[in-house]
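One structure follows; several queries about it will come next.
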Amino acid sequence: TDRYAVVGNPIGHSKSPAIHTAFAAQTGEDILYTALLLPLDGFEHQARLFFEHGGGCGLNITVPFKEDAYRLADDYTDRAKRAGAVNTLKKRPDGSLLGDNTDGAGLVLDLKRHSVPLANRRILLLGAGGAARGVLQPLLEEMPAELVIANRTQSKAEQLAADFSDLGAIRASTFADLSGPFDLIINGTSASLGGDLPPLADTLVAANTVTYDMMYGAQPTVFNAWTSALGAAQTIDGLGMLVGQAAESFYVWRGKRPDVANVITMLKQDRR
Ligand code: ATR
């Protein structure tokens with residue numbers, strides 16, 4: 001049996017084993033996928049053990065090891081290189097490790113599943129940390145009219161805009177200087193974790209605006225609750241992105257594209 005795992009710290013609440021086990025059953029792939037809690041200074045050693053002696057074929061990497069995984073990889077996909085972080089490692093036939101980042105593909109997959117148009121649209125991305133960086137290349141590949149990045153620390157938004165400017169129409173803004181409305185607003189800040197909202201004007205949201213929070217929970221996020229109250233057309237949380245990035249990792253490893261809809265339904269039932 002080919003072995004896979006998700007590694008992180010903490011890892012206890014990870015949904016990845018349930019997701020990948022469902023994908024495997026659906027596609028008839030014979031794999032074993034587990035969750036491993038690693039000590040904060042233990043990523044490299046444990047990952048090497050897994051691949052060299054544990055029958056490991058692939059790893060998913062979550063907080064706080066995505067940069068460690070980047071350093072461990074021997075080669076990268078373009079999107080991982082741009083992201084500067086790796087959430088998927090694949091052992092190749094020669095034993096070397098390919099580093100990929102499937103987060104942005106997972107987001108775009110979920111937006112398409114919700115029939116949210118991206119080409120020629122005005123998109124606002126809130127946040128300029130690792131989560132935001134990870135989704136920029138796949139978003140720009142959809143050819144939006146404009147992608148504006150706004151962040152509390154403006155220099156980080158400017159850096160991201162500069163790093164990706166060769167891929168499309170991207171620019172940085174402060175929260176205060178934003179002029180809306182936008183067709184799509186994606187919250188890639190971690191503000192929701194603390195129940196916070198970035199300081200945003202009501203005028204950013206119009207009746208046709210779709211908002212997407214990369215976070216998710218049993219209740220709507222603070223951000224989606226705010227845009228919903230302003231009359232946003234559709235508010236989506238990050239559960240589908242989670243399943244989408246998993247589906248993309250599964251494809252990288254097994255060459256098969258699982259159906260995400262059943263698995264999203266299963267997870268929604270679990271969290272009630
Ligand atoms: P992640 O991996 O989730 O992206 P990160 O790299 O630490 O984590 O980035 C967190 C992002 O959320 C940053 O854009 C951060 O803004 P700063 O760059 O100014 O720190 C943003 N963020 C966190 N808490 C926030 C809050 N209360 N209001 C607005 N932005 C916030």
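Could you tell me which numbered condition Leu178 fails, if it satisfies all but one of (1) within 14 Å of the ligand (Cβ to nearest atom); (2) buried (at least 17 other Cβ atoms within 10 Å of the Cβ); (3) under 17 Å from the mean Cα position of the chain (by Cα)?
(3)
Counting only residues that are of a type in the set (Phe, Trp, Tyr) and under 19 Å from Gln137 (Cα atoms), how many does region 152-187 have?
1
Of the residues Ala69, Ala22, Ala18, only one is among the aliphatic types (A, V, I, L, M) and under 14 Å from Gly99 (Cα atoms); which?
Ala69 is the lone residue from the list that is among the aliphatic types (A, V, I, L, M) and under 14 Å from Gly99 (Cα atoms).
Here's something else I'd like to know. List the number of the failed condition for Ala218; all other conditions in (1) touching a residue at least 40 places away in the same chain (Cβ under 8 Å); (2) surrounded by 15 or more Cβ atoms within 10 Å (Cβ to Cβ) hold.
Going through (1) touching a residue at least 40 places away in the same chain (Cβ under 8 Å); (2) surrounded by 15 or more Cβ atoms within 10 Å (Cβ to Cβ) one by one, Ala218 breaks only (2).
If you take the residues in region 100-137 that are free of Cβ contacts under 8 Å to residues at least 40 places away in the same chain and among the polar types (S, T, N, Q), which one is farthest from Gln159 (Cα to Cα)?
Ser115
Right, something else. Show me the strands (runs of 3 or more DSSP E) found entirely inside region 64-152 where at least 3 residues are out of contact with any Pro (no Cβ under 8 Å at 6 or more places or on another chain) and over 20 Å from Asn187 (Cα atoms).
Passing ranges, in order: 88-91, 97-100.
Can you pull out the residues in region 13-50 that are touching a Leu at 6+ places or on another chain (Cβ under 7 Å) and farther than 16 Å from Val263 by Cα?
The answer is Glu44, Gln46, Ala47, Phe50.
What are the pairs with Cβ atoms under 9 angstrom where one residue, in region 178-190, is in the same structural domain as Gly134 (by TED's automatic domain parsing) and within 10 Å of Val148 (Cα to Cα) and the other, located anywhere, is at pLDDT 95 or above and within 12 Å of the ligand (Cβ to nearest atom)? Sequence gap at least six, or different chains.
Going by the 9 Å Cβ cut-off, the qualifying pairs are Leu178/Ala150; Leu178/Leu200; Ile185/Leu125; Ile185/Leu126; Ile185/Leu200; Ile185/Phe223.
Mind checking whether some residue in region 249-259 is touching a residue at least 12 places away in the same chain (Cβ under 8 Å) and within 16 Å of the ligand (Cβ to nearest atom)?
No, there is no match, as no residue in region 249-259 is touching a residue at least 12 places away in the same chain (Cβ under 8 Å) and within 16 Å of the ligand (Cβ to nearest atom).
The values are calculated or read from the model by the stated rules, or taken from the named source; none is laboratory data. No experiment lies behind these values; they were computed from the predicted model shown. Don't worry about glycine lacking a Cβ; one is built from the backbone with ideal geometry, like all the others, and counts go over all protein chains shown.
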